[in-house]
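I have placed the structure first, in the form of structure tokens, so that the comments after it can refer back to it.
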Amino acid sequence: MLNFTVGPVMSSESVCNVGSEQVPYFRTPEFSTLMLENERLMLEFAKAPKGSRAVFMTNSSTGSMEASVMNCFTEKDKVLVINGGSFGERFVKLCEIHDIPHEIISLKHGQKLTEEKLYEYGGKGFTGLLVNVDETSTGVLYDVSMLGEFCKKNSLFFVTDCVSSFLADPYNMSECGADVMITGSQKVLACPPGVSIIILAPRAVDRVNNAKVKSMYFDLADCLKNMERGQTPFTPAVGILRQINTRLKEIEALGGSEAEIARVAAQAKDFRLRVSELPVEFVSESPANGVTPLHPINGNAYEIFTKLKDEYGIWICPNGGDMKETIFRVGHIGALTIEDNTILLNALKDLHEKGVF
Ligand SMILES: *Cc1c(COP(=O)(O)O)cnc(C)c1O
């Protein structure tokens, strides 16, 4: 299998090897040490400000988006949600479900958010901002420094869903002033799905510790308290947390977050340069490194996905909803190489020559 989706993605050999081991009991000093090392490396790679904390949630990242909304906002807030695709839509739904007053900045698929448009919402009593830094459905990367500046000027609590952008696009939590950063195990961390990490800057730690959240599993104050000793309130996905540990140390050994971001960027650049010879259109006005959404001009995107899977053993990522037939996505994250790009491009050329698009 050759997997160019945006998650789950291909894991390194060492991560796969850990996955084949027996899963140990976890209420032990050894597991606590591993968890605290995971926290240290996550905070380092996110460039989190001093006093930040990380919690490891056993749920997919949507669970962590929900936990963040529930623990950080109440019906007294007025939250601005950037909605440029299906992940933005998810934050909108979460605000609706949890009765968080909100307004939406709606963007067309692939459209970037300009400073001019953003500042129309300044000085209007907003208290928080929710953004998917890479809106993975369209591959748009929002300008996190611009958003952070806006949040500072307007005193907004700033939640960044970095699920697909963490370790793929440059991110400095201290500099952009984000209060919350969310990511997941199956994107650039290239481990199996099942664990999501929430980093809380000091202001978010305070907020969460004072929140009255109506949930047992999503009570982040409880998670923070347990994490002081490297533990979780309930049985976590122990096996995946051990794989995350291996992966984080592997990234550290290969030069840290900058090196990983550069690797993903090079993988994306090579693909984009070479795919432009085919009759496809780029979708994103402000492309993120992790994924390239493409519109085949004369073909059906879902058919291309199916043919690559069934006839070539190559997985790209179909889109959902109204983008299903028109857009497919090629991921650049996980254990992929430039040679892998060549294999995919040859298959795409083949399909083009056969008249599929
Ligand atoms: C993948 C992703 C998520 C989380 O999706 P899950 O299916 O819950 O893992 C959230 N936001 C973005 C931007 C993503 O790319």
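The values are calculated or read from the model by the stated rules, or taken from the named source; none is laboratory data. Given the structure is predicted, the values throughout are model-derived calculations rather than measurements. Virtual Cβ from ideal backbone geometry, glycine too; neighbours counted across all protein chains shown. Accessible surface areas use protein heavy atoms only, side chains included; no ligands, DNA or RNA. Shrake-Rupley method; radii C 1.70, N 1.55, O 1.52, S 1.80 Å.
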Go through the range 86-104 and give me each residue that's within 16 Å of the ligand (Cβ to nearest atom) and modelled with pLDDT of 95 or more.
87, 88, 89, 90, 91, 92, 93, 94, 95, 97
Please tell me if residue 239 is away from the ligand (no atom under 16 Å from the Cβ) and on the phi > 0 side of the Ramachandran plot.
no
Among the residues of the range 31-58, count how many are on the phi > 0 side of the Ramachandran plot and among the polar types (S, T, N, Q).
0
Could you give every pair whose Cβ atoms fall below 6 Å, whose first residue belongs to the range 200-223 and is modelled with pLDDT of 95 or more, and whose second residue is open to solvent by less than 20 Å² (accessible area, probe 1.4 Å) and of a type outside the set (A, V, I, L, M, F, W, C), counting only separations of at least 6 or pairs across chains?
201/52; 201/179; 203/179; 204/179; 208/71; 211/71; 213/71; 220/71
If I filter the range 1-45 down to residues being open to solvent by 70 Å² or more (accessible area, probe 1.4 Å) and of a type in the set (Val, Ile, Thr), which single residue comes out as farthest from the ligand (Cβ to nearest atom)?
33
Counted residues, the range 146-162 - those being of a type outside the set (Phe, Trp, Tyr) and under 20 Å from residue 87 (Cβ atoms):
9
Of all the strands (runs of 3 or more DSSP E) wholly in the range 267-352, which have at least 3 residues that are open to solvent by less than 40 Å² (accessible area, probe 1.4 Å)?
291-296, 328-331
Considering only the range 78-91, state which residues are open to solvent by less than 20 Å² (accessible area, probe 1.4 Å), hydrophobic (A, V, I, L, M, F, W, C) and within 17 Å of the chain's Cα centre (by Cα).
81, 82, 91
Does any residue of the range 53-71 turn out to be open to solvent by 10 Å² or more (accessible area, probe 1.4 Å), in a helix (DSSP H, G or I), β-branched (Val, Ile, Thr) and more than 16 Å from the ligand (Cβ to nearest atom)?
no
Test residue 48 against the stated conditions and say whether it is buried (at least 18 other Cβ atoms within 10 Å of the Cβ) and within 20 Å of residue 190 (Cβ to Cβ).
no
Members of the range 148-176 found to be in contact with a Ser or Thr (Cβ under 8 Å, 6 or more places away or on another chain) and part of a helix (DSSP H, G or I), listed by number:
173, 175, 176
Give the residues of the range 157-176 that are hydrophobic (A, V, I, L, M, F, W, C) and surrounded by fewer than 24 Cβ atoms within 10 Å (Cβ to Cβ), sorted by residue number.
157, 176
Applying the selection to the range 177-200, what residues are more than 11 Å from the ligand (Cβ to nearest atom) and either surrounded by fewer than 24 Cβ atoms within 10 Å (Cβ to Cβ) or not in a loop (DSSP other than H, G, I, E, B) (or both)?
177, 180, 181, 192, 197, 198, 199, 200
